[in-house]
Amino acid sequence: MDYPKSYYAATTNYQLEPSEPPNNLEVETCIVGAGYAGLMTALGLIERGHNSIAIVEKHKVGWGCSGRNGGFVFGGYSLGPRALVKQVGEQKAHDLYQLTKAAVDLIRYRVKQYEIDCDLVDEGVIWANWFKDQQLLHSEQAFMRDKMGVEWSYISPEELKQHINSERYYGGLFEPNAMHFHPLNYALGIASEIIKQGGQIFEDCTVVDIDYQSATKIVKTSHGIIKAKNIVVSGGGYLGDIFKPISRSILPIATYVMATEPLGARLKDFINTNAAIYDTRFAFDYYRPLKDTRILWGGRIHANTNKPKNLDHLLKKDLLKVFPELEGIKVEYDWQGWMAYARHQMAQIGEIAPGVWYGIGFGGHGVAPTTAAGEILAEAISGKGDTYKQFQPWGLPWNGGVFGPAAAQLSYWWYQMKDWLKEKTN
């Protein structure tokens, strides 16, 4: 199966060599899912000297949200840092956040170390204020400094106007230890390195059953069986129901992205920065300039995973709220992806049975946390640490079954309404 149409799929730099079918293959570790969580676990193991690895992927490497996301690389989880503090206390929240900060550094290092051609732009991220209240920015700046150990710089409304030529924003914060890149090329570059170092990746290979009760686990696929000492279940929003102890804990939620036509020199009239940008609403937009002078724009989520027929118009409407002068701009690509959300909005990393590991539930903020998860799982599988236990407070709660999507959508609409009321009263 080819990649769904997207700007990323149209601009890939890598072609992976197909592997032979995994018929009666025996490995030390079998990983289900070739998205970021699976790939980073595999590379983490290889970097620790464990290269007896097989990754099984129903579609292609980075086929899901790992290859369709906005390309933002920065610290944190979908569950915000203030909520983290409320749930586990200041020190544990700080430690959890620092795992993702270290992951950003590791991504930066790996791109250089393995010479991954993924358009990495290491020039920070701007959090642009949708509301007039400047205290919101000062409060967040102090919180991130004092509680998370992260320095963000305040940008006045006048200064921000020099970088983002829009009447929509009122100042912002600048996060220097942040980047953006071509997420599919990054996934493919990592996959190429895994194969180069002896790991095996089986694309277009569906997992049909997992027998994990014995010391030797058996992963049954559409092309044969794989025996393994360890299993790692990832797969994100596309996991399906093949492993219900884990899949019953996540909800696939659709999110949307588009890319405009190239703007050429006009781009600097609107976005005069190389930083990526998102805003202070709960239901925020996010966007960034691309190397070929397009604007990549993302936003909105929906529990209905069917792609809207007028998606390009919906996202362009959001863009025009910020840059109304771009009324006549063409949208050349629009696409969606399914994120995996847990009810608690926290990354799910752990061991569900002896030798059976999982890394899933990174929805909406996954690039750095999936890298952190890969390190945590590789560390645990190789017997060199138990950092995964920091994630035990959240566990694998039931996703609500048939009522889960409706509950998630109502929650999103509620926060959208709060954004609207705040804007009207601000």
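The values are calculated or read from the model by the stated rules, or taken from the named source; none is laboratory data. Computed from a predicted structure; not experimentally measured. Glycine also receives a Cβ, built like all others from the backbone with ideal geometry; neighbour counts cover every protein chain displayed.
Matching residues to (1) β-branched (Val, Ile, Thr); (2) farther than 24 Å from residue 371 by Cα; (3) in contact (Cβ under 8 Å) with a residue 24 or more places away in the chain:
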residue: 235; (1), (2), (3): no, no, yes
residue: 246; (1), (2), (3): yes, no, yes
residue: 264; (1), (2), (3): no, yes, yes
residue: 269; (1), (2), (3): no, yes, yes
residue: 277; (1), (2), (3): yes, no, yes
residue: 296; (1), (2), (3): no, no, yes
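Output yes when any residue across region 183-199 is aromatic (Phe, Trp, Tyr) and under 30 Å from residue 129 (Cβ atoms), and no when none is.
yes
Do you know which of the residues in region 135-153 that are surrounded by fewer than 15 Cβ atoms within 10 Å (Cβ to Cβ) and more than 25 Å from the chain's Cα centre (by Cα) is farthest from residue 100 (Cα to Cα)?
The residue in question is 135.
This table checks each residue for (1) farther than 22 Å from residue 64 by Cβ; (2) in contact with a His (Cβ under 6 Å, 6 or more places away or on another chain); (3) hydrophobic (A, V, I, L, M, F, W, C).
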| site | (1), (2), (3) |
| --- | --- |
| 272 | yes, yes, no |
| 278 | no, no, no |
| 281 | yes, no, no |
| 291 | yes, no, no |
| 307 | no, no, no |
| 310 | yes, no, no |
| 337 | no, no, no |
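Looking at (1) touching a Phe, Trp or Tyr at 6+ places or on another chain (Cβ under 7 Å); (2) of a type in the set (Asp, Glu); (3) assigned to a strand (DSSP E or B), which is the one condition that is false for residue 193?
Checking residue 193 against (1) touching a Phe, Trp or Tyr at 6+ places or on another chain (Cβ under 7 Å); (2) of a type in the set (Asp, Glu); (3) assigned to a strand (DSSP E or B), the one that fails is (3).
Could you tell me whether any residue of region 307-316 is in contact (Cβ under 8 Å) with a residue 24 or more places away in the chain and crowded, with 24+ Cβ neighbours inside 10 Å?
yes
So which residues in region 116-134 are free of Cβ contacts under 8 Å to residues at least 60 places away in the same chain and within 20 Å of residue 370 (Cα to Cα), if there are any at all?
Result: 122, single match.
Kindly indicate which of 209, 241 is at pLDDT below 90, out of contact with any Cys (no Cβ under 6 Å at 6 or more places or on another chain) and acidic (Asp, Glu).
Criteria check complete, one pass: 241.
Can you tell me which residues in region 316-330 are of a type in the set (A, V, I, L, M), part of a helix (DSSP H, G or I) and either closer than 16 Å to residue 257 by Cβ or touching a Leu at 6+ places or on another chain (Cβ under 6 Å) (or both)?
Across region 316-330, the qualifying residues are 319, 322.
Out of region 44-68, which residues are surrounded by fewer than 24 Cβ atoms within 10 Å (Cβ to Cβ) and not hydroxyl-bearing (Ser, Thr, Tyr)?
Within region 44-68, 44, 46, 47, 48, 49, 50, 51, 58, 59, 60 qualify.
Restricting to region 52-68, count the residues that are in contact with a Leu (Cβ under 8 Å, 6 or more places away or on another chain) and not in a loop (DSSP other than H, G, I, E, B).
5
Return only the number of the condition from (1) closer than 30 Å to residue 142 by Cβ; (2) out of contact with any Pro (no Cβ under 8 Å at 6 or more places or on another chain) that residue 41 does not satisfy.
Checking residue 41 against (1) closer than 30 Å to residue 142 by Cβ; (2) out of contact with any Pro (no Cβ under 8 Å at 6 or more places or on another chain), the one that fails is (1).
Would you mind telling me which numbered condition in (1) modelled with pLDDT of 90 or more; (2) surrounded by fewer than 18 Cβ atoms within 10 Å (Cβ to Cβ); (3) closer than 27 Å to residue 6 by Cα residue 200 fails?
(2)
Out of curiosity, is residue 128 of a type in the set (Gly, Ala, Ser), buried (at least 21 other Cβ atoms within 10 Å of the Cβ) and at pLDDT 95 or above?
For residue 128, the condition - of a type in the set (Gly, Ala, Ser), buried (at least 21 other Cβ atoms within 10 Å of the Cβ) and at pLDDT 95 or above - is met.
To keep it simple, each residue is scored yes or no on (1) in a strand (DSSP E or B); (2) small (Gly, Ala, Ser); (3) more than 26 Å from residue 379 (Cβ to Cβ).
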| position | (1), (2), (3) |
| --- | --- |
| 16 | no, no, yes |
| 23 | no, no, yes |
| 28 | yes, no, no |
| 34 | no, yes, no |
| 43 | no, no, no |
| 50 | no, no, no |
| 70 | no, yes, yes |
| 77 | no, no, no |
| 86 | no, no, yes |
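Here is a list: 328, 355. Which entry is of a type in the set (Gly, Ala, Ser), without any contact (Cβ under 8 Å) to a residue 12 or more places away in the chain and surrounded by fewer than 19 Cβ atoms within 10 Å (Cβ to Cβ)?
328
For region 92-115, which residues satisfy the criterion of being of a type in the set (S, T, N, Q) and within 15 Å of residue 372 (Cα to Cα)?
Selection gives 98, 100.
Note down all Cβ pairs under 7 Å where the first residue falls in region 155-175 and is within 11 Å of residue 126 (Cα to Cα), the second is outside any loop (DSSP other than H, G, I, E, B) and of a type in the set (Asp, Glu), and they're at least six residues apart or on different chains.
Note: pairs meeting the criteria are 173/140.
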